[in-house]
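The values are calculated or read from the model by the stated rules, or taken from the named source; none is laboratory data. Fair warning: this is a prediction, and the values are worked out from it, not measured in the lab. With ideal geometry, Cβ positions are generated from the backbone for all residues, glycine too; neighbour counts draw on all protein chains shown.
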């Protein structure tokens, strides 16, 4: 039973107490990636985002959904058996009711499979376990192979399996673009991941950012303007700070909380780190733009 695996993980690492729901998600991630691998889907995808940072690069915060790029010509029709594959595998593995809702008719650049696991059919009042598999109709430009990590000492079907994943530099570029253009609010996990990538000394590569802006039909001017606005919010807004702290409590183990979220110096450090990253990409893009003016004028 999956609940037993979660209990074993918590017993081995008490720092995870209070994060049982997300630990459970991460255990299921191994099974979902195994399905994608066994059924031949994974080779057509590139793992991206915060869960990729966690499973392939060792990020210190937990994650809940799986994100991929499938290329400009991706169609969910090519993955028509995925829902049935997931339901069958997880039901047999964990002896639980599983439902997978397939993507809606193509209305956006992202196709989402919504996985719901009914943990206790006799208690409909208890929450189900829910997670998404999101596949974006975009290209990845810097794909590498990295082995999947096993944080819980479980019998993982994919531990050590090379996963096609974006380089950490490309994930950083995506996170900057998400910070600039994500609708409605600044996503705390994007902010955390940017600060973590800075601590890993991952360089900001302007060429990757430029390619992604062109691919998404966004301008450098709009990108940099939005980044400055959001950087100001991170540096000055109490509401942004509280939203960050509330959300990250769901994803950060106790020992990491104590040296980050629980310290008053941490949020100013995060703000300064993000501001420095924005200054770096702004200088690089403006420098490249200035350097290009001569060739534009050449007869």
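In region 149-163, how many residues are crowded, with 19+ Cβ neighbours inside 10 Å and free of Cβ contacts under 8 Å to residues at least 60 places away in the same chain?
So the answer is 0.
So that you can scan it fast, the table gives a plain yes or no per residue for (1) at pLDDT below 95; (2) surrounded by 15 or more Cβ atoms within 10 Å (Cβ to Cβ); (3) more than 23 Å from the chain's Cα centre (by Cα):
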| site | (1), (2), (3) |
| --- | --- |
| 229 | yes, no, no |
| 253 | no, yes, no |
| 268 | no, no, yes |
| 281 | no, yes, no |
| 296 | yes, no, yes |
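When you look at residue 187, is it farther than 25 Å from residue 252 by Cβ and either surrounded by fewer than 21 Cβ atoms within 10 Å (Cβ to Cβ) or outside the structural domain of residue 260 (by TED's automatic domain parsing) (or both), yes or no? Walk me through it before giving the result.
Details: farther than 25 Å from residue 252 by Cβ: no; either surrounded by fewer than 21 Cβ atoms within 10 Å (Cβ to Cβ) or outside the structural domain of residue 260 (by TED's automatic domain parsing) (or both): yes.
Judged against the criteria, residue 187 is not a match.
What are the residues in region 110-127 that are part of a loop (DSSP other than H, G, I, E, B) and either loosely packed, with under 13 Cβ neighbours inside 10 Å or touching a strand residue (DSSP E or B) at 6+ places or on another chain (Cβ under 8 Å) (or both), if any? Outline the logic, then answer.
Of all residues in region 110-127, those part of a loop (DSSP other than H, G, I, E, B) come to 119-127.
Result: 119, 121, 122, 123, 124, 125, 126, 127.
Does residue 74 satisfy being touching a residue at least 12 places away in the same chain (Cβ under 8 Å) and either surrounded by fewer than 17 Cβ atoms within 10 Å (Cβ to Cβ) or under 17 Å from residue 142 (Cα atoms) (or both)?
On the way: touching a residue at least 12 places away in the same chain (Cβ under 8 Å): yes; either surrounded by fewer than 17 Cβ atoms within 10 Å (Cβ to Cβ) or under 17 Å from residue 142 (Cα atoms) (or both): no.
Considered against the rule, which asks whether it is touching a residue at least 12 places away in the same chain (Cβ under 8 Å) and either surrounded by fewer than 17 Cβ atoms within 10 Å (Cβ to Cβ) or under 17 Å from residue 142 (Cα atoms) (or both), residue 74 comes out as no.
Considering (1) assigned by TED's automatic domain parsing to the domain that holds residue 16; (2) surrounded by fewer than 19 Cβ atoms within 10 Å (Cβ to Cβ), say which one residue 146 fails and leave the rest.
Condition (2) is where residue 146 drops out.
If you go through region 86-109 one residue at a time, how many are closer than 20 Å to residue 29 by Cβ and in a loop (DSSP other than H, G, I, E, B)? Walk me through how you get there before you give the answer.
Going residue by residue through region 86-109, those that are closer than 20 Å to residue 29 by Cβ are 86-103.
From what's left, in a loop (DSSP other than H, G, I, E, B): 95-96, 102-103.
Selection size over region 86-109: 4.
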